[in-house]
Each structure stands twice: as structure tokens, then as C-alpha cells.
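Colleague: Could you have a look at this structure, given as C-alpha cells, before my questions?
The values are calculated or read from the model by the stated rules, or taken from the named source; none is laboratory data. What you see is a predicted model; the values in this text were computed from it and never measured. We place every Cβ from the backbone using ideal geometry, glycine too, and count neighbours over all the protein chains shown. To get the accessible areas, we keep the full protein, side chains included, count just its heavy atoms, and leave off ligands, DNA and RNA. Shrake-Rupley method; radii C 1.70, N 1.55, O 1.52, S 1.80 Å.
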Amino acid sequence: MRNSWKVAKWELKRNMKNKSFIISLLLTPLLFIVFASFPTLLEKLEGEPDSETVTVYVKDELNLFDEVNSLVKSQDLSWKMEEVTNDSKKILKKIETSDNQAYVALTENAIKTGEVKVFISNEMPETFSSEVQFLEAPLRQVKYDQLNLSPEVVQSITKGIEIKSEDASTKAGSGAENPSDKQSADDSSMERIIPGAFAGIVLFSIVMTGMMIFQSASQEKKEKVAEIVLSSVTPGDLMQGKIIGYFILGLVQVGTWLLLVVPIAAWRYELPIVEYLFVPELLLLLAISIAGYLMFAAIFVGIGATVEDMTATSNFQGIVMMLPFLPLIFIGPILANPSGIIAQVATYFPLTSPSILILRLSLLDQWPWVEIIIALVILLASIWLLMKLAGKVFKTGILLYGKNATPSEIWKWLRY
Amino acid sequence: MMNERILKVERLGKSFKDKRIISEISFEVHRGEIMGILGPNGAGKSTTIRNIMGIMYPDEGSIHFHGNSEIPRHKIGYLPEERGLYKNVNVMDILLYFAELKDYPQKKAKKRALEYLEKFGLAGKENTKVEELSKGMGQKVQLIAAIIHEPELLILDEPFSGLDPVSQEVFKEEIKELAANGTAILLSSHQMNMVEELCDRLFMIHRGKKVIYGAMEDVKREYANFKCTIIGDNPEELLRNIPSVHRVESKDDRTILYLEQDVHIPTWLRELPGELNVYELIIDRVSLHEIFIDIASDKNMIVKEGVKHA
């Protein structure tokens, strides 16, 4: 194990000193930030005329001007409020000949008829018609006051009736609904999704760096360093060292990305990401990610030792590199039905198990513990078997110079 | 010092599937000596070395280091035939990594690395990436990597292959110096002049089996009989009838007569036929190279056990 750490340290050090790795390490979150903020930026550019200030003239017979003005400010609307008392015809004429101006009459008649007339210029921001809808709330309140309705009655009327479908099994376990149910349901879905997304990123990142094991093993053959290294450590130590080294490298990568992206995402979307992230469920999700990494790392390190020339890699080795992307084909059906038969099969199949488990656990309210345990047992057994097989292939393959191994040769080594 | 046995290989055997690669390989390497391991391509030299290094495991036989069957890899330096270095890493990092793999203290390794780089004309190259070095420079770095941890036993598999004459000279001098300082060296090479110049003893292997083993002088005395080169036009019949000749090679007017063992040269010269047309006549010993070629091509398969260790 000491020798494995030496190899792991070396793999970590030489990659951390590698310019292309450092560039990709920093460029990935930068690209994420750019892609995340690009639509908003475009929106802003597109909506530039909308941000022009609209002068809104208000005829206030209901004594609502101050309330409306404070609502405008709280909603950050680009309105310039002006109370008018003089002749409305003069104002309307002015609006007719100018841009970005509106006239609102908050009158007794409007309360009576339930209709507020808003006169606008020819050129107005597109968003104005939706913005103006906020006036409904203070006007409705005036109406309730005039009808002498108690606050309880008002609350009862304004709450309305919501038709909501729910899973029977969830309902059975959750007991009676209380008023804070909606908020807590939102919280719990975030508590599932954020750790799930985090585990997904961890899995993605370490599997991606795991692919670098393939290159590393192959490079060791190509550059003929393997035999020198194997004169000091056993093939098992070398293989383990690579797996550990690239695992840590993957974590460094995730850590860096998160350090750069989480504060920005938390600020941009106003989410308490850190609070949602550190929940007990995260431990299991991370364990699944690590198991996924170990499985793919075993495959990559074994196959990498059979390849000397990456450019002449046969279809066989190419297919192996595609294995981590296999779960993508199940994503659609699983999103549609996270407890369906496809989801269950993909959960038990080792090559798709880690990603699918993480996806399902992020979607389901109640975790299917029996399925999780069975899937983990299958996954651990697969890791053990694949490590054994990878060890056999690595031991022989790493010393085979001058050519890529054929599938039949690899099969022979596995049986030897 | 030369008699302290560092490595003992006894009746080593290895097969791949049904193919016997080496069998009954036995030899010793002593402190401060350079032991040559020779043989044509595919003879089993690299397999023997890989078994010693623990890169492969023998089917039969044993390997002992200082009398122990546990081989301490960190006390052995190894320069394999198929060798290279990580290309996108700087020289010092690689040397320190190889030293670390051998459990050698990093501080000491750094000091030794700088000393060797200077000695081999690579001063100031410690922070240079390997891919920026010339081939010769890279080979020097490989040799430094093999000896940086002060090995007790140094195994060099074809150390001179691909080296330019200047680098060959540097390597040769370093090998001699290491042996003089007490390192036991096992050297595999095809370059017989180097082997002849460097090795104290040699072990020749052919088709996985020992054919010659002993001190260089004993081997030469035992196997390197005299040969007589005659320049002059002579009929083949006449040349064949010359006594005490076991093989004749002729090309144009040049004939080489390989003499049998224990031939007394002055007597043999007096007995040459009088009608022999001699423009020029040279008598010398058969070289190690010729012994090697003979064995490799099975022209005159000599299998002798009698050569004793010096």
C-alpha cells in the first residue's frame, strides 16, 4: 500500500503540474458561469428598451398613491410615478404624442365596475402590461374594506382551492397535512436534488479523470516507463496507485469547480446550497459515486494497459471508453417514471447502477431501500471482480510493447 | 571484496504456455564485479533479468540476494532494454520519483541527481522537460535514474543500444567506476567489444540454456582458439588438407583457418604445405564476437562446463 501511495502521489503531482489539466480545471467552471449567465445577458441585451423608465400618471381618488408607489419600489419597476389632479384630457393628449407614458385612473368607479383603465403611449416596453397587473391587489383590498369583510374571511376567499394529485404511498406515511407542508415539501425536494446533483457532479468528474487512467496506463507503455517502475513496485501497487491518484485528482477537480461555482450559483439563484448540500443522504450518494468511480477505473486501467497507440485503438477499446455514457439512454424513461421497471433494471445493472441510483434517489420522495441494498451488493461484487480481471490484464498488458492487444489476447490473459 | 556474493541464481526455469524460455540457469554475481550475460536475440536474457527483478516469477529454481530469497528491490538498480521516460515531466521530478520508489531519501536523491547531471554534462537541465532533451541526454537521465539510489546490484539490459560513441564512453566509464566502488553489475549486451572490455566474468545463454560461464580470461583461453588468416590464391583441396584445422572459411583470396585446441603454432606453421601461396599470414585468437556468432548461428556449438569462476 505504501508503494501505491507513492504512485498515487506521483500521478497527482505530474497532472497538477500539467498545463492542459490546470487550464481545463479553471476553464470548466468559467464555461459553466458563462453558459449560465449567457441567456440572462442576452435577455438583458434584448430587453434593453424595456428597461426604459415609464412615466405613470396616477389619478388617485382612493388614496392609494403612497401604497402603489412603495409597491413599485419594492418590485424594482422602472416606473416614474406622478400623481395628477388636473384635467385628464390634457394628460391623455400628452401620452398620445410621447413614448413610454401611461395614465392610470384609480377611481371609485373602477372599484365599482371592477375595471381599471390604463392609457398608454404607442411605444411602451412589452413588459408593462404584465407589470401593471400588480395594481389588482391594493384595489381588491379597497373593495374588501368597502364590503366590511373580516381579515379571516378575506384570507379564506383569497386562498382559493387547489387541486393536487399525490402518490398514495407517500400520503399513507406522511400523516395529516399541516400548513407548512408546502414549504417543507419544497425544502425536501431541494434537499434531495442538490445532494443528488452534487453526487452526480462528483461521479461525472471522477469518472472523467478516471478516463485519464486509460491514457496514463497507455502512456506508460508507449513511453516505455512501465518496466522501470515495475522494477520497484508490483503491478498491483502500480494499478492501485493510479486508481487512487486519479480519484484524488477527480476530487481536486470537483473541489475547485465547486469553490468557484457554488458561491456564484448561490448568489445568482439565491439558494442556500451549502445548507441543502450537507444532509445525511449525501453520504450514501457520495458512496455510490465512489463505487461508480472504482468500477470504471478498474475497466480503464485494465484496458489502458492493452493500448500503446491511442490513434490505432481498435473499436473494442473505443467501445469501452463509451461505457460511462451508457446511463444516458435510460434518463428519459427514468425521469418519466423513477420507480418503473426500466429504472429498476438500470439500477441493478452494474455499468448503469451508480448514475441511475443517484438520479432516482434525487427524484424519489421515499428511497427504495431494498433496491438500494441489492444494487450496492451487485455493484461491490462487480467492482471486486473487475479489479481482479483488470489486475490480470494490467500485469501482462503493461509489458507488451510495440502493439495494441487484441480482444482474443486479452481473453487469453484473463484465463491465464 | 570481489568474492562477496550478492546475487545467486540457481536452476532458474520459465515457460510461457508450452514454450520453454529458460531452463537450468545458474550463476552468481559478486560485489564489485561486472558480470556479462550474453546471448543472441530470444536466447532468454531479458526473461532471466525480469525474473531477477521480480517483474516475472520463475516456474523453477531460486534467486537469492545476500543469501535471502526475499529480493529487496530498493537495493537493485535496473535499466531495461525497453526503456523511456515520462515526456512531459521535468528531469528532476522524474529522478526524485524513481528514487522515492526505491525508498531513497529525497534530499539525498536531489543532491546525487545534481551531481550526476553535472558529471554527465547535463548541468542546468534539472528543470527541463524530458521531451526537450536530445536522445543521448535522455539516455543519460535513464542511467542516472537506475543508479541514483546507490544500488548494491545494478542490472543493465543492453545499456549501449542506441547510444552515440561519446555517450557509450560516458556509460562505460560510469559502469567501471560503479564496479570499482563495490556495486555488483549484471550487464547484458550484444556489443562484444564492450563486454570484452568491461566484464570480469560472463554467462552465455543460447535457446534458454547456459553455454558458457566463467571468468573472461578462462573463457577466452578455453574457447578462443587460434585462427590463421591467409591471403593468397590457393585451391580449396589444398586448404582442406592442412592439419589441425576444424573449419575453413574462404572468400576470394582470403581464407580463415580455425585451428583445433592446443595447437602449437610454431610447429603448425612449419607443417604447412610448401606449395601454399601466401601473400600475407596473420595468426590471432578467435574473438568473443566470433564465439558469440558461432554460438548464435549454431556453426560450432560449444557446450562446456569446465570454466571455473576466477
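Colleague: Which helices (runs of 4 or more DSSP H) does segment A:320-416 wholly contain that include 1 or more residues that are charged (D, E, K, R) and over 22 Å from A:MET212 (Cβ atoms)?
Modeller: It comes to A:353-363, A:369-397, A:407-415.
Colleague: State which residue pairs qualify: first residue more than 8 Å from every other protein chain (Cβ to nearest Cβ) and inside segment A:1-15, second residue among the polar types (S, T, N, Q) and crowded, with 20+ Cβ neighbours inside 10 Å in any location, beta carbons under 6 Å apart, and separation of 6 or more residues or different chains.
Modeller: Close Cβ pairs (under 6 Å, with a partner that is among the polar types (S, T, N, Q) and crowded, with 20+ Cβ neighbours inside 10 Å) amount to A:SER4/A:GLN240.
Colleague: Between A:PRO179, A:PRO195, which is within 30 Å of A:VAL274 (Cβ to Cβ), modelled with pLDDT of 70 or more, outside any strand (DSSP E or B) and of a type outside the set (Asp, Glu)?
Modeller: Values: A:PRO179 fails: modelled with pLDDT of 70 or more.
Going through A:PRO179, A:PRO195 in turn, just one is within 30 Å of A:VAL274 (Cβ to Cβ), modelled with pLDDT of 70 or more, outside any strand (DSSP E or B) and of a type outside the set (Asp, Glu): A:PRO195.
Colleague: Would you mind finding the one in A:PRO354, A:PRO324, A:PRO350 that is surrounded by fewer than 19 Cβ atoms within 10 Å (Cβ to Cβ) and not aromatic (Phe, Trp, Tyr)?
Modeller: On the way: A:PRO354 fails: surrounded by fewer than 19 Cβ atoms within 10 Å (Cβ to Cβ); A:PRO324 fails: surrounded by fewer than 19 Cβ atoms within 10 Å (Cβ to Cβ).
Sole residue among the options that is surrounded by fewer than 19 Cβ atoms within 10 Å (Cβ to Cβ) and not aromatic (Phe, Trp, Tyr): A:PRO350.
Colleague: Return the residue satisfying two criteria in turn: it lies in segment B:16-70 and is within 14 Å of another protein chain (Cβ to nearest Cβ) and among the aromatic types (Phe, Trp, Tyr), and of such residues it is least open to solvent (accessible area, probe 1.4 Å).
Modeller: Top of the filtered list is B:PHE65.
Colleague: Let me ask another. Quick check on my filter: what residues within segment B:123-138 are buried (at least 20 other Cβ atoms within 10 Å of the Cβ) and more than 12 Å from chain A (Cβ to nearest Cβ)?
Modeller: Hit for segment B:123-138 is B:LYS125, nothing else.
Colleague: Quick check, is A:SER232 small (Gly, Ala, Ser) and more than 16 Å from A:ALA8 (Cβ to Cβ)?
Modeller: Working: small (Gly, Ala, Ser): yes; more than 16 Å from A:ALA8 (Cβ to Cβ): no.
So A:SER232 fails the test.
Colleague: Considering only residues that are touching a residue at least 40 places away in the same chain (Cβ under 8 Å) and over 20 Å from B:TYR279 (Cβ atoms), which ones fall in segment B:227-257?
Modeller: Initial filter on segment B:227-257 (touching a residue at least 40 places away in the same chain (Cβ under 8 Å)): B:227-234, B:246-247.
Once the filter is applied, which keeps residues that are touching a residue at least 40 places away in the same chain (Cβ under 8 Å) and over 20 Å from B:TYR279 (Cβ atoms), segment B:227-257 yields B:HIS246, B:ARG247.
Colleague: B:ARG285 fails exactly one of the following numbered conditions: (1) open to solvent by 80 Å² or more (accessible area, probe 1.4 Å); (2) within 28 Å of B:GLY13 (Cα to Cα); (3) in contact with a strand residue (DSSP E or B) (Cβ under 9 Å, 6 or more places away or on another chain). What is the number of that condition?
Modeller: Of the numbered conditions (1) open to solvent by 80 Å² or more (accessible area, probe 1.4 Å); (2) within 28 Å of B:GLY13 (Cα to Cα); (3) in contact with a strand residue (DSSP E or B) (Cβ under 9 Å, 6 or more places away or on another chain), the odd one out for B:ARG285 is (2).
Colleague: Taking the residues in segment A:245-260 that are open to solvent by less than 20 Å² (accessible area, probe 1.4 Å) and in contact (Cβ under 8 Å) with a residue 60 or more places away in the chain as candidates, determine which candidate is farthest from the other protein chains (Cβ to nearest Cβ). Reasoning before the result, please.
Modeller: The first filter runs over segment A:245-260 and keeps only residues open to solvent by less than 20 Å² (accessible area, probe 1.4 Å), leaving A:245-246, A:249-250, A:253-254.
Then keep just the ones that are in contact (Cβ under 8 Å) with a residue 60 or more places away in the chain; that gives A:245-246, A:249, A:253.
Details: A:GLY245: 12, A:TYR246: 15, A:LEU249: 15, A:GLN253: 19 Å.
Once the filter is applied, the top-ranked residue is A:GLN253.
Colleague: Please go through segment B:78-89 and give me each residue that is among the hydrophobic types (A, V, I, L, M, F, W, C) and at the interface with chain A (Cβ under 7 Å from one of its Cβ atoms), ordered by number. Show your work before the answer.
Modeller: Residues of segment B:78-89 that are among the hydrophobic types (A, V, I, L, M, F, W, C), as a first pass: B:79, B:85, B:89.
The answer is B:LEU85, B:VAL89.
Colleague: Give the number of residues within segment B:160-182 that are part of a loop (DSSP other than H, G, I, E, B) and within 14 Å of the chain's Cα centre (by Cα).
Modeller: Going through segment B:160-182, the residues part of a loop (DSSP other than H, G, I, E, B) turn out to be B:160-164, B:181-182.
With within 14 Å of the chain's Cα centre (by Cα) added as a condition, the list becomes B:160-161.
Qualifying residue count for the region: 2.
Colleague: Applying the selection to segment B:113-138, what residues are within 19 Å of A:GLU223 (Cβ to Cβ) and touching a residue at least 40 places away in the same chain (Cβ under 8 Å)?
Modeller: Selection gives B:LYS129, B:VAL130, B:GLU131, B:LEU133, B:GLY138.
Colleague: A follow-up question, please. Test A:GLN317 against the criterion of being polar (S, T, N, Q), over 19 Å from the mean Cα position of the chain (by Cα), modelled with pLDDT of 75 or more and part of a helix (DSSP H, G or I), and give yes or no. Please lay out each step first, then the result.
Modeller: Working: polar (S, T, N, Q): yes; over 19 Å from the mean Cα position of the chain (by Cα): yes; modelled with pLDDT of 75 or more: no; part of a helix (DSSP H, G or I): yes.
Answer is no for this residue.
Colleague: Let me ask you something else. Going through segment A:220-244 one residue at a time, which ones are open to solvent by less than 10 Å² (accessible area, probe 1.4 Å), among the charged types (D, E, K, R) and either facing chain B (nearest Cβ under 7 Å) or touching a strand residue (DSSP E or B) at 6+ places or on another chain (Cβ under 9 Å) (or both)?
Modeller: A:GLU227, the sole residue that qualifies.
Colleague: Mind listing whichever residues of segment B:187-221 are part of a strand (DSSP E or B), among the aliphatic types (A, V, I, L, M) and touching a helix residue (DSSP H, G or I) at 6+ places or on another chain (Cβ under 7 Å)? Please lay out each step first, then the result.
Modeller: If we filter segment B:187-221 for residues that are part of a strand (DSSP E or B), which is where we start, we get B:187-188, B:201-206, B:209-215.
Filter once more, keeping what is among the aliphatic types (A, V, I, L, M): B:187, B:202, B:204-205, B:211-212, B:215.
If the condition is that a residue be part of a strand (DSSP E or B), among the aliphatic types (A, V, I, L, M) and touching a helix residue (DSSP H, G or I) at 6+ places or on another chain (Cβ under 7 Å), then B:LEU187, B:LEU202, B:MET204, B:ILE205, B:VAL211, B:ILE212 are the ones that fit.
Colleague: For segment A:292-308, which positions are out of contact with any Gly (no Cβ under 8 Å at 6 or more places or on another chain) and either hydroxyl-bearing (Ser, Thr, Tyr) or open to solvent by 10 Å² or more (accessible area, probe 1.4 Å) (or both)? Break it down stepwise before answering.
Modeller: To start, the set of residues in segment A:292-308 that are out of contact with any Gly (no Cβ under 8 Å at 6 or more places or on another chain) comprises A:292, A:294-295, A:298-299, A:301, A:303-304, A:307.
Matches in segment A:292-308: A:LEU294, A:ILE299, A:ILE303.
Colleague: May I pose another question? Within segment A:42-64, is there a residue that is under 30 Å from A:PRO263 (Cα atoms) and hydrophobic (A, V, I, L, M, F, W, C)? First the steps, then the outcome.
Modeller: Going residue by residue through segment A:42-64, those that are under 30 Å from A:PRO263 (Cα atoms) are A:42-48, A:50-51.
Subset that is hydrophobic (A, V, I, L, M, F, W, C): A:42, A:45.
Yes, segment A:42-64 contains at least one residue that is under 30 Å from A:PRO263 (Cα atoms) and hydrophobic (A, V, I, L, M, F, W, C).
Colleague: Could you list, in sequence order, all residues of segment B:225-262 that are surrounded by fewer than 16 Cβ atoms within 10 Å (Cβ to Cβ) and hydrophobic (A, V, I, L, M, F, W, C)?
Modeller: B:ILE231, B:LEU238, B:VAL248
Colleague: Does B:LYS75 satisfy the criteria of being within 12 Å of chain A (Cβ to nearest Cβ), over 24 Å from A:SER216 (Cβ atoms) and surrounded by fewer than 18 Cβ atoms within 10 Å (Cβ to Cβ)?
Modeller: On the way: within 12 Å of chain A (Cβ to nearest Cβ): yes; over 24 Å from A:SER216 (Cβ atoms): yes; surrounded by fewer than 18 Cβ atoms within 10 Å (Cβ to Cβ): yes.
Against the criterion (within 12 Å of chain A (Cβ to nearest Cβ), over 24 Å from A:SER216 (Cβ atoms) and surrounded by fewer than 18 Cβ atoms within 10 Å (Cβ to Cβ)), B:LYS75 qualifies.
Colleague: Looking only at segment B:80-104, which residues are open to solvent by less than 20 Å² (accessible area, probe 1.4 Å) and either among the basic types (Lys, Arg) or in contact with a Cys (Cβ under 6 Å, 6 or more places away or on another chain) (or both)?
Modeller: B:LYS102
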